[in-house]
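Below you'll find the structure, written out as C-alpha cells, and then a few comments.
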Amino acid sequence: MITGGNLQDSKDALHLAQTNGMFFSTVGCHPTRCGEFEKNNPDLYLKELLNLAENNKGKVVAIGECGLDFDRLQFCPKDTQLKYFEKQFELSEQTKLPMFLHCRNSHAEFLDIMKRNRDRCVGGVVHSFDGTKEAAAALIDLDLYIGFNALCIHIHVISDYGRTVYSVTVIHLCSQRNRGSKKLGNSSLKTEANLEVLKSIPSEKLMIETDAPWCGVKSTHAGSKYIRTAFPTKKKWESGHCLKDRNEPCHIIQILEIMSAVRDEDPLELANTLYNNTIKVFFPGI
C-alpha cells in the first residue's frame, strides 16, 4: 500500500500503484499538511480527493493518511488539523473505504473525533502506533486495528522460515517536495514500553507495516535484539542492496521477527493472522 499524504501525493501514489498488480494506494491528507485545504478552496480540495478515490476503486483501498499530530504543530496548527481530520470522514462515508489513521500525541482529541464519526467509516487502522496500553484499548473498543512498524506498501513477500508467506507493508512516497519530512516518522518498537503495549493487543486486532522509507529499526531500539534477518547494504544505491539508513519494504520480515518474539508466537502463525487482518480491512472482496 502506497500512502498519499496530500492531493498531489495521492495522485502520485495512484500512478505508482497502477504500474504493478500488487501495488495499491490511499487517498487523503496527512495532519501536518492539512493547511493545503485552505490555500484555495477547501471544498474543492476535498472534492478532488473524493473524485480520485471514487474513480479508482480497486487500486485506491483506503482513505488517508489522516488524523492528528500534535508533535509537529510547526507544520500545521491544531485547529486546522482538527477541522480537516473530521472533514475527511466524508471521504470514507462516501466511498465506503476504510481509513488509514495517524495519531501522535493527540489521543484524547483523536478519540473524541473517532467516537463522533465512527459510524461514518467502515473501519481502519491506526498506523505506526506508539501510544499507551490504555490508548490502544480505547481504539480497539471502537473496532479499529493497531499497526506496528519499527516503529511505511502493499502485498509483499516477507519470506522465509522454510516456506514463503505473505503480509502487507506500508510505504510512503519519497519525492523531492517532501524530502524535508525525513524526521516525521515514529517507531512503534523503539522502547521497552512500546514492546509491552505490543504484548497487550489481541492478535486479531494487529497489523504490521514498515512505514518505509522512514522508521527503520535502529540498533538502539528495544526490538532490535530480536532481528534474525539482515540485508546487504550500501551507502549508495546498487542493485540487490538496501540503501544505508533507509527503511525498505523488504524489512517487513524484521518487524515480524520482533513482533513474534515479543509476543512469544510462532512467526508463521502470526504472519497468517496479520495477513488475514489486512485482507479483512482493505481487501474484503478477496
Check: How about the range 239-261: which of its residues are in contact with an Asp or Glu (Cβ under 9 Å, 6 or more places away or on another chain) and closer than 13 Å to ILE208 by Cβ?
Finding: ILE252, ILE253, ILE255, MET259, SER260
Next item on the list: Name the one entry in SER167, SER175, SER128, SER159 that is surrounded by fewer than 16 Cβ atoms within 10 Å (Cβ to Cβ), of a type in the set (Ser, Thr, Tyr), within 21 Å of LEU274 (Cα to Cα) and modelled with pLDDT under 95.
Entry: SER159
Item checked: Odd one out for ALA261, checked against (1) surrounded by fewer than 12 Cβ atoms within 10 Å (Cβ to Cβ); (2) at pLDDT 90 or above; (3) assigned to a helix (DSSP H, G or I) -> (1)
Next item on the list: Might you let me know whether the range 216-224 holds any residue that is in a helix (DSSP H, G or I) and over 19 Å from HIS127 (Cβ atoms)?
Entry: yes
Notebook entry, point to check: Do we find that LYS57 is of a type outside the set (A, V, I, L, M), open to solvent by 10 Å² or more (accessible area, probe 1.4 Å) and at pLDDT below 95 in this structure?
Noted result: yes
Item checked: Residues (surrounded by 24 or more Cβ atoms within 10 Å (Cβ to Cβ) and either aliphatic (A, V, I, L, M) or assigned to a helix (DSSP H, G or I) (or both)) located in the range 93-113 -> LEU97, MET99, LEU101, PHE110
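The values are calculated or read from the model by the stated rules, or taken from the named source; none is laboratory data. Nothing here was measured: the structure is a model prediction, and the numbers come from that model. Cβ atoms come from the backbone with ideal geometry, glycine included; neighbour counts cover every protein chain shown. Ligands, DNA and RNA are stripped out before the accessible areas are found, and what is left, the full protein with its side chains, is counted by its heavy atoms. Shrake-Rupley method; radii C 1.70, N 1.55, O 1.52, S 1.80 Å.
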